[in-house]
Structures are given as C-alpha cells and as structure tokens.
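Here the structure is laid out as structure tokens; the discussion comes afterwards.
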Amino acid sequence: MSVLLKYQLKALFESGDLMTQDTLSDLIDSTYNPVLVAGTNVTLNSVTTPSGTTITVNAQGGGSGVVTSLTTTGTSGAATLNATTGVLNIPVYGGGVGSYTNLTPTPQPFPGNSPFDNIVAGTTFNNQTFTEMMNAMLYPTLDPTLTPPSATLSISPSATYQEIGANVPVTLNATFNQGSINPQYTSASNKRSGLPNTYNFNGTGVSPISSSSLAESATTGAYTILAGANTWTNSVSFDAGVQPKDSVGGDFDSPLPAGTSSTISRTITGVYPVFATTSSINTMTKQSLVSMSGYATVSLVAESFATGAARQTVDIPIAGGGQAGWSTITIVEFFNTFSNQWGASALSDWTTSATTHEVPTGSGNIINYTRFTNNAGYPRGAGQYRFKS
C-alpha cells in the first residue's frame, strides 16, 4: 500500500468509481500517517495504546536556530536571530510602511477652504499611522463653543416712574443662566459654570440670599417712593465650572473659575404728576408720569363760549423749599399740525399763579404747583403744548 497525495486520492473516485479494497487501503494509509519527522533541536516521542497513539513534541532551547526570546531594539536594519542565545531581534521601523513623517511643515492648510480647514498650515507629523492621517484629514479635532454665564433682573412694578410718596411694595426677580459648552463632547457637564450660590440683592428693604436655584426673588415689603432715583441691584455668585473637552477628548480652554456676574441695577424714579385741562376745560386731569428734567407735554382741549370763561390750564410742580419738581419754566412750544413740527410759543401767553395738589391722592401730602393759564385770545382751539425748564 502507498501514501497518496490529496489530488491522487481525489482521482480514485472522480469518475464515480466504486471503492475497492485497494483504494480503501490507500485512503486509510494516506489519512492515518504516523510518520513524523523531527527538526533541529526537536524530539518526538510516541506512546501507542489501544485507544490511539499519543505523540509528544519537545523543543530544546539554545542554538541551532531555535527562538527563545524576542526583542525590538533599534529602528533600522534587518531582523536578526542569535543562533547561540536564540534571541530574535526585530527593529521598530520609523517612517516605514503604514506610517507618515514630514520634517517640513505643511505649506498651506488642508483642504484649503478656510475657515473649515482640517489641517492648518505649518503642521508636522511624526510616525502617524494611516488611520491617524485619515482621521486628521476627514475628522479634524473640533472645539466646543463656550458661552459665559449671565444673569437677569426685573422689577415690579415695572413702570419707570412712580409718584413721590406712594407706598409701593417692590419685588426684584432675578435669574441665572449657567452658560453652555456646546457641543458637550465628553465634558462632565454642558454648562460653562457651576450652580449659583448667592444672589447679591442690594437696596432698601432687600438683602443677599444664599441659593443654588436658577431663579430667586426679593421683596421690600411696604416701601415709600422717594424723589428721584430709587435703585436696587443684584449680581449672582456662582461655583466653578467643569473642564471643557474637544471632539477627541482633549482639554479645551480651561474650567471657568468661581466668580460673580456683572451687577445689574433697576431704578424707579419718583416724580410728581402734571395736571392739565386735557379731558375737559373745567377739569384738571392728572397726566402720565414723566421725567421732571424733560418736557411736560399736554394736549389741551379747546376753549368755548359755551363753557364760560374757563381757559386752557396747566399745573406743573416747581422745585423749591426742599420740594422736587421742574426748575423755573423758561420754554413753551406749540406743535404745528401743518408742518408737523414743534415751534416756539410765547411764555407771555401764559399767566402764572400758585396752586397746590394732594399727591398721592389721599396721602395728605400737599404739593406746591405753578399754574399756567392761557391769556392769548379767547376762545383758543385745541392744541398740543410742551413746557420745559
């Protein structure tokens, strides 16, 4: 019987031949071949039992080409095998196949469509793998946008002007925004700052509030409006933020340290109202509150024979004797509806006299006013006038 090669075994049956004793014997001898050849420094031991044959392969270290250990010393040259010690050394080749190094910085950005370049001009690479180079070209390191924290402050009542002497409880409503890290990538939070720790309310009737809430309010309780500016402020103290990360997990910028937002102020200005014949020639109507350093503008109704001797009248609080108000009125202007412009009107067309009003109504506070009464022609038609110091 003989040991046949694989193609020879296939040929025995490739035409659909029936198996014979000889071809079966050839198949058995070929598939069960106990002939093993030991190489250099290799010994073979076999033990045959009824259950089969066990073959043990033993390699003896030292010399004659047997590898006993591996080293990776050097960056150039061929791999070497020390036949005496059995040490195989394979250098770690730099800049070889699969890596890229450029000593000369890149002369221009890549791909050259600023501001979306992935590799900036002047870049060098050292032993970058193919994967690393492709990632640099196709998936550049992206930085998040950092938005700083901010705060808001609103006041109630929201009206800029209030009557002097009015009892008006004032409420301050503050909010805090931690800012953002966008995109968050791998940073521990998408917030630029930590939580707030103190709302630094300041002004009559309020005080700081320790809080980690993103919104707080403070109320003065009963508060009497003073002449001029009535001002309250707030700033928010906050904890430090987290370290922002870029798209590959590296540190970007630095954590925002603990700090305090800018101070915001809100002011209610205490003023006295102007009274004028704007709804009826016989009635002094309280006007909307305005700054006492600007114009007192009124739209006066027309005078009429039917209403008797009643004249267009304007009452303006004038400062003096410790009382707030307009300084002495020196300018009067009339609105020309044809030219759609303001023009000068003679101050002498108005007779002045002293009068008083209770402000606020029901408060018992009697305020001195100067009354301006039309003395130019009668009856005079409706018109818009403004008075100024």
Name every residue in segment 257-295 that is small (G, A, S) and under 17 Å from T356 (Cβ atoms), in order of residue number.
A276
Test G362 against the stated conditions and say whether it is without any contact (Cβ under 8 Å) to a residue 40 or more places away in the chain and assigned to a loop (DSSP other than H, G, I, E, B).
yes
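Residues checked against (1) polar (S, T, N, Q); (2) touching a residue at least 40 places away in the same chain (Cβ under 8 Å):
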position	(1), (2)
A159	no, yes
P169	no, yes
G179	no, yes
N190	yes, no
G205	no, no
I209	no, no
S217	yes, yes
S262	yes, yes
May I ask you to say which residue of F334, F275, F252 is under 30 Å from I225 (Cα atoms) and surrounded by 14 or more Cβ atoms within 10 Å (Cβ to Cβ)?
F275
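Could you go through segment 128-139 and let me know if any residue there is part of a loop (DSSP other than H, G, I, E, B) and either out of contact with any strand residue (DSSP E or B) (no Cβ under 9 Å at 6 or more places or on another chain) or modelled with pLDDT under 95 (or both).
There is at least one residue in segment 128-139 that is part of a loop (DSSP other than H, G, I, E, B) and either out of contact with any strand residue (DSSP E or B) (no Cβ under 9 Å at 6 or more places or on another chain) or modelled with pLDDT under 95 (or both).
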Out of all the residues in segment 292-307, is one or more of a type in the set (D, E, K, R), in contact with a Lys or Arg (Cβ under 7 Å, 6 or more places away or on another chain) and surrounded by fewer than 20 Cβ atoms within 10 Å (Cβ to Cβ)?
no
Taking interchain pairs and intrachain pairs at least six residues apart, which have beta carbon atoms under 7 angstrom, with the first residue in segment 321-338 and over 21 Å from H357 (Cβ atoms) and the second loosely packed, with under 12 Cβ neighbours inside 10 Å?
E333/G343; E333/A344; F334/G343; N336/G343
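With T328, T351, T285 as the choices, which residue is surrounded by fewer than 16 Cβ atoms within 10 Å (Cβ to Cβ) and either outside any strand (DSSP E or B) or out of contact with any strand residue (DSSP E or B) (no Cβ under 7 Å at 6 or more places or on another chain) (or both)?
Of T328, T351, T285, the one residue that is surrounded by fewer than 16 Cβ atoms within 10 Å (Cβ to Cβ) and either outside any strand (DSSP E or B) or out of contact with any strand residue (DSSP E or B) (no Cβ under 7 Å at 6 or more places or on another chain) (or both) is T328.
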Looking at S299, S262, S339, S293 in this structure, which one is of a type in the set (S, T, Y), out of contact with any helix residue (DSSP H, G or I) (no Cβ under 7 Å at 6 or more places or on another chain), under 22 Å from Q162 (Cα atoms) and not in a strand (DSSP E or B)?
S293
Does segment 301-313 include one or more residues that are under 50 Å from the mean Cα position of the chain (by Cα), under 16 Å from T278 (Cα atoms) and not β-branched (V, I, T)?
no
Here are some residues: I181, I164, I209. Which one is of a type outside the set (S, T, Y), in contact with an Asp or Glu (Cβ under 7 Å, 6 or more places away or on another chain) and surrounded by 14 or more Cβ atoms within 10 Å (Cβ to Cβ)?
I209
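Condition check ((1) at pLDDT 95 or above; (2) under 17 Å from S265 (Cβ atoms); (3) part of a strand (DSSP E or B)) across all residues:
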position: N190; (1), (2), (3): yes, no, no
position: N197; (1), (2), (3): yes, no, yes
position: V242; (1), (2), (3): yes, no, no
position: S247; (1), (2), (3): no, no, no
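The values are calculated or read from the model by the stated rules, or taken from the named source; none is laboratory data. Note that the structure is a prediction, hence the values are computed from the model and not measured. Because the Cβ atoms are built from the backbone with ideal geometry, glycine has one as well, and the counts that use them run over all protein chains shown.
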